[in-house]
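As structure tokens, the structure follows; a few thoughts come after it.
The values are calculated or read from the model by the stated rules, or taken from the named source; none is laboratory data. Everything numeric in this text was worked out from a predicted model, so none of it was measured. Cβ coordinates were reconstructed from backbone atoms using ideal geometry, including for glycine residues, and neighbour counts include every protein chain displayed. Ligands, DNA and RNA are stripped out before the accessible areas are found, and what is left, the full protein with its side chains, is counted by its heavy atoms. Shrake-Rupley method; radii C 1.70, N 1.55, O 1.52, S 1.80 Å.
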Amino acid sequence: MTQSLPGQHAAYERAFGGRGGLPVVVVGAGPYGLSVVAHLRAAGVPVRIFGEVMGSWRHAMATGMFLKSTPDATDLSAPEPGGRLSDFRRLHGESELTELTPIPCDVFVRYGQWFQKRYVGDVEPARVARVDRGPSAPGFVVGLDDGRQLTAAAVVVATGLNGLAYIPKELLRLAPEGAGAGALVSHTSHHSDLSRYAGQRIAVIGGGQSALESAALLHEAEAHVQVLVRERSVRWGSVPQPNRPWPQRLARPASPLGTGWTLAAVCRAPGGVRRLPAAARLLLFRRALGPSGGWWLRDRVEGVVPVRTSCRVTRAEASGSTARLELTGPGGSERLAATGYRLGIDALAFLAPALRRGVVRVPGSKAPQLTSTFETSVPGLYVTGSLAAPMFGPMMRFVAGTEYAAARVARDAARWVVAP
Ligand SMILES: Cc1cc2nc3c(=O)[nH]c(=O)nc-3n(C[C@H](O)[C@H](O)[C@H](O)COP(=O)(O)OP(=O)(O)OC[C@H]3O[C@@H](n4cnc5c(N)ncnc54)[C@H](O)[C@@H]3O)c2cc1C
């Protein structure tokens, strides 16, 4: 079964007929995959896209979540005007969102689904289980989880943070069978419904948006929740000021990721970030946007949910259906949820080991080294989204980065498609 708009699909088929050749395969149908395909299809390039449309936003985010980003930083990249979140809202008779209106997750999912119908057409829901080099390079063999196999001229990896969830090893001891929603330790990405923890004692470990919003949702679902934060204090975003006077705008210019000169510069010039020395880029990657909570979340956490700062989990032990945590400070006996991601290409199990080995890494990291068009050192293999952030800066961790990435990836990937 495919998810498509029939009339549009027919138009794409007509366009593809002219080009022929092996398709570009895009793995993942989130904001980056959909945006890349929108540009490829507009150019009449044969392409197949696999995955569930907006799958992460439907299954790896808890019900009731809001986006941290503002409406004008949440557009997918369309090949023509008319595909912005504000266009979607207007066409559906929905009120305009402002900087002061947090976007509910389900609005963003509906926007992504609308974008897919309007600009993408067919999305095949199968998961990609294997990508390997084809019999003659360049070219790839792509294996699907339903057993089918196809060949591709180029492959674009747009799988977001899937497979990259990180749980510190001292916590993993709590779940020898594997972390997950039913286990003693889980990652926030394992949950779409936190109400399962009603009445239970939960420690949330982390001080970023995911941790703080999960804590608020757990508290509102009547769990007894405590947040354990490594840093000395929790950072909160500042309330947006839509009409700031010009001296303030000059002192702290606005950008899709917040205010300030550093953020404005890295958002304006991801290509410039790529040309920085690797060490400077990694520093930027780690420091430019530290963990913080959205301004609109503050009232739901501060003074409401107990937050312990300057505390690390040094040891964790299972004791029946609870976890005993040793902290830097007095511990407790609790079930818990942990958070965080580690960006590395080795976690992409669907890439054949030989292919992964062929991907040159950013020095000092496990993320792929990328050309200015997001191509790895394996010709025809592209990587977008969060995994591109150590090259192009923090913008790639967010939907706002699709505007820079999608057209570039599409233009370059198209050159591998040659008419038969
Ligand atoms: C809790 C949370 C909140 C966030 N809030 C924001 C926010 O407010 N604003 C913002 O800009 N960003 C936010 N982000 C970051 C967000 O993940 C990205 O901005 C955005 O989703 C990136 O899009 P993507 O297409 O790269 O990845 P995703 O949206 O994760 O899409 C990847 C897709 O690939 C699919 N997939 C994975 N593996 C395979 C496979 N083998 N075969 C087929 N399909 C596969 C997945 O199912 C998924 O649909 C948030 C992230 C988290 C975890």
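Just one of (1) at pLDDT below 95; (2) under 20 Å from the mean Cα position of the chain (by Cα) fails for G182. It is (2).
Tell me, yes or no, whether region 222-241 has at least one residue that is open to solvent by 80 Å² or more (accessible area, probe 1.4 Å) and part of a helix (DSSP H, G or I).
Applying the first criterion (open to solvent by 80 Å² or more (accessible area, probe 1.4 Å)) to region 222-241 yields 222, 224, 230, 232, 235, 238-239, 241.
Filter once more, keeping what is part of a helix (DSSP H, G or I): none.
No, that holds for no residue.
Restricting attention to region 171-183, does a residue exist that is within 24 Å of S292 (Cβ to Cβ), open to solvent by 20 Å² or more (accessible area, probe 1.4 Å), touching a residue at least 24 places away in the same chain (Cβ under 8 Å) and more than 16 Å from the ligand (Cβ to nearest atom)? So that I can check it myself, show each step before the final result.
Quick first cut of region 171-183, residues within 24 Å of S292 (Cβ to Cβ) only: 171.
Checking which are open to solvent by 20 Å² or more (accessible area, probe 1.4 Å) leaves us with none.
The answer is no, given that none of the residues of region 171-183 is within 24 Å of S292 (Cβ to Cβ), open to solvent by 20 Å² or more (accessible area, probe 1.4 Å), touching a residue at least 24 places away in the same chain (Cβ under 8 Å) and more than 16 Å from the ligand (Cβ to nearest atom).
Here A211 meets the list (1) open to solvent by 20 Å² or more (accessible area, probe 1.4 Å); (2) in a helix (DSSP H, G or I) almost entirely, failing just condition (1).
Can you go through P330, P291 and tell me which one is at pLDDT below 75 and either in contact with a Pro (Cβ under 8 Å, 6 or more places away or on another chain) or open to solvent by 40 Å² or more (accessible area, probe 1.4 Å) (or both)?
Exactly one residue qualifies, and that residue is P330.
Of everything in region 392-420 that is more than 14 Å from the ligand (Cβ to nearest atom) and more than 15 Å from V156 (Cβ to Cβ), the residue that is surrounded by the fewest Cβ atoms within 10 Å (Cβ to Cβ) is P420.
Note on region 123-163: residues that are on the phi > 0 side of the Ramachandran plot and within 9 Å of the ligand (Cβ to nearest atom) total 2.
Which of the residues spanning region 22-75 are more than 8 Å from the ligand (Cβ to nearest atom), open to solvent by less than 10 Å² (accessible area, probe 1.4 Å) and of a type in the set (V, I, T)? If the condition is that a residue be more than 8 Å from the ligand (Cβ to nearest atom), open to solvent by less than 10 Å² (accessible area, probe 1.4 Å) and of a type in the set (V, I, T), then V24, V25, V26, V36, V37, V45, V47, I49 are the ones that fit.
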